[in-house]
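Engineer: Take this structure first; my questions come after.
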Amino acid sequence: MVQQEKKYSTEIPLMRLFWMFFKIGALSFGGHVSLIAIVEKYLVAEKKVLTTEQVLNAVSLTSLFPGPLAVNVVGYLGYLLRGWVGFVICFTAIILPATLFMILLSILYYKYQLLFDFAFGIDILLIAVAALIFATGISLFNKQIKSDKIGIALCIVTILVSLVYKGLSATILLLFLGGIVGYLQSKRENIRILSNKEAIITFPDKYMSAIISLAFVLLAAYLSGVYNWTGNTIVKMFTVIGGMSLTLFGGGFVIIPYMKSLLVDNLGWITNQEMVYAVTLGQITPGPILVNMTFVGYKMAGIFGAIVATISIFLPSALLSVSAISSLNQTAVVKSILNGIKPVVIGLIISAGFQMVSTISSLHWFIILYGFMVFVALFKFNINATYVLTFSLIIALTTYFLM
């Protein structure tokens, strides 16, 4: 009989858990893949708080749900480590640095009309994050699928397809393909699949049932346009942005057409110029790109509005994904599917490294050399990723003030 996934660490002090994820959130520039890479390097390889299997399973499962993947992954890992208290701690820690940074930038923008252009400094950060992603992807490849011919093929196909087709549909099809291959491989290797009578069926507890029900109520309120009936800015923000959270599939940049059609054209909360600047700030701040909604919330209702907007874009989808995933039946069927998805996830991570390099505005010789040095430091000498990224951030800020 297949048991539920065993927690790797027991009773991690909550303050230690908070501080670990706070540091990760403060240094995870470049979107969800960089955050996952830091989690793998810092919490798996160095601190041994989590296992590689737990991280990859979290990525595989949360990819099936709406909302920002990075926050959903961290929320699920927090739940694995310390239950719902762990979820709250890790969720708060991972979004807090970016939220504070974005509130500060919003104040400087709206009160002092101060604009930022990091240019060369951002390129240094991007190449460092790309090196981290490559180092993590290759390390995962060596640990998980190095001797698995089918896994290698899946990984290579994923890299090639995702570099050519960058849309959500391609990612979903690749994950679906990996799941089918994993299931068929388990059948071919005569791994017995539990019958319904033998399997451990786990149903949502009362809290999870309530969370799932409330998520659907919020989604219905958003899709039906109930928010137009209230003049309360906070309620309207929570309904609109929370509803957006539950319908976002495919990463942080999907928010752009949402912002344009709903927040700019329909509701008139922000202008086109403010939308562009909000998206830009979401990229240069650490943590998830969707923190750009903090900027919108600040304009609508000051600091309190910024906090409400931040919670609205991250919390509904994180609660839904953790509740739904925790209710899944961890039978041999699920595990065989996840085994097939792992090479796809690793391929997506490596592909993200190439895509991040392509976003660098100028591949100056210094940037190329620095990226190579960061890769060697992380992959060959296994230097702490947080130290490397902190050093990269210092260099980026130094170039900003000197140039």
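The values are calculated or read from the model by the stated rules, or taken from the named source; none is laboratory data. If you're wondering where the values come from, they're calculated on a predicted model, not measured in any experiment. Ideal geometry is used to build each Cβ from the backbone, glycine not excepted, and the neighbour counts take in all protein chains shown. The area values use the complete protein model at the heavy-atom level, side chains included, leaving out ligands, DNA and RNA. Shrake-Rupley method; radii C 1.70, N 1.55, O 1.52, S 1.80 Å.
Engineer: Any idea what diffusion coefficient the stretch 255-364 gets from Stokes-Einstein, in µm²/s, Kirkwood Rh on alpha carbon pairs, 4 °C, 1.567 mPa s? Please list the in-between numbers first.
Structural biologist: Details: Rh = 16.9 Å.
The Stokes-Einstein estimate is 77 µm²/s.
Engineer: Once R0 is set to 35 Å, what does the formula 1/(1 + (r/R0)^6) return for the Cβ-Cβ distance between Val85 and Ala220, expressed as a FRET efficiency to the nearest 0.05?
Structural biologist: On the way: r = 30 Å, r/R0 = 0.84.
Step by step, r from the Cβ atoms, then E = 0.75.
Engineer: Say each of Asn266 and Val235 gets a label point 7 Å from the Cα, pointing the same way as Cα to Cβ; how far apart are those two points in nm?
Structural biologist: Going by the 7 Å Cα→Cβ label model, 1.9 nm.
Engineer: Ranked from the most accessible area to the least, with a 1.4 Å probe and all protein chains present, what is the order of Val226, Val71?
Structural biologist: On the way: Val226 60, Val71 0 Å².
From most accessible down to least: Val226, Val71.
Engineer: Additional query: Keeping every protein chain in place, order Phe22, Phe366 by accessible area at 1.4 Å, biggest value first, i.e. largest first. Kindly include the intermediate steps, with their values, before the conclusion.
Structural biologist: Numbers: Phe22 50, Phe366 70 Å².
Output order, biggest surface exposure first: Phe366, Phe22.
Engineer: What is the percent carbon and sulfur in the accessible area of the stretch 280-390, measuring with a 1.4 Å probe over the protein chains and ignoring ligands?
Structural biologist: Working: 2930 of 4000 Å².
Accessible surface attributable to carbon and sulfur in the stretch 280-390 totals 73 percent.
Engineer: Please work out how much accessible surface Trp19 shows to a 1.4 Å probe, ignoring ligands, DNA and RNA, in Å² rounded to 10.
Structural biologist: It works out to around 130 Å².
Engineer: Give the ranking of Met300, Met20 by solvent-accessible surface, highest area first, calculated with a 1.4 Å probe. Spell out each step's value before the answer.
Structural biologist: Working: Met300 55, Met20 5 Å².
The most accessible residue leads, giving Met300, Met20.
Engineer: Just to verify a number: what accessible area does Phe391 come out at with the full protein assembly present, 1.4 Å probe, Å² rounded to tens?
Structural biologist: 110 Å²
Engineer: A follow-up question, please. Would you please classify the overall shape of the stretch 129-183 from the alpha carbon gyration tensor, given that a ≥ b ≥ c denote the square roots of the eigenvalues, rounded means a/c under 1.5, and beyond that prolate means a/b larger than b/c while oblate covers the rest? Mind showing how you got there, number by number?
Structural biologist: Values: a/c = 2.25, a/b = 1.11, b/c = 2.03.
Judged from the Cα gyration tensor, the stretch 129-183 comes out oblate (a/c at least 1.5, b/c at or above a/b).
Engineer: Roughly how many Å² of Ser326 are accessible to a 1.4 Å probe, to the nearest 10?
Structural biologist: 30 Å²
Engineer: Could you work out the local net charge near Val39, counting Lys and Arg as +1, Asp and Glu as -1, over the other residues with Cβ closer than 14 Å to its Cβ? Could the numbers behind the result be given before it?
Structural biologist: Numbers: positive: Lys23, Lys41, Lys47, Lys48; negative: Glu40, Glu46, Glu53.
So the environment of Val39 carries a net charge of +1.
Engineer: Rounded to the nearest whole Å², what accessible area per residue is found for the stretch 56-119 with the 1.4 Å probe? The partial results should precede the final answer.
Structural biologist: Values: 2210 Å² over 64 residues.
Solvent-accessible surface per residue comes out at 35 Å².
Engineer: Leaving out ligands, DNA and RNA, and with a 1.4 Å probe, what % of the accessible surface on the stretch 32-141 is carbon or sulfur?
Structural biologist: Carbon and sulfur together cover 68 percent of it.
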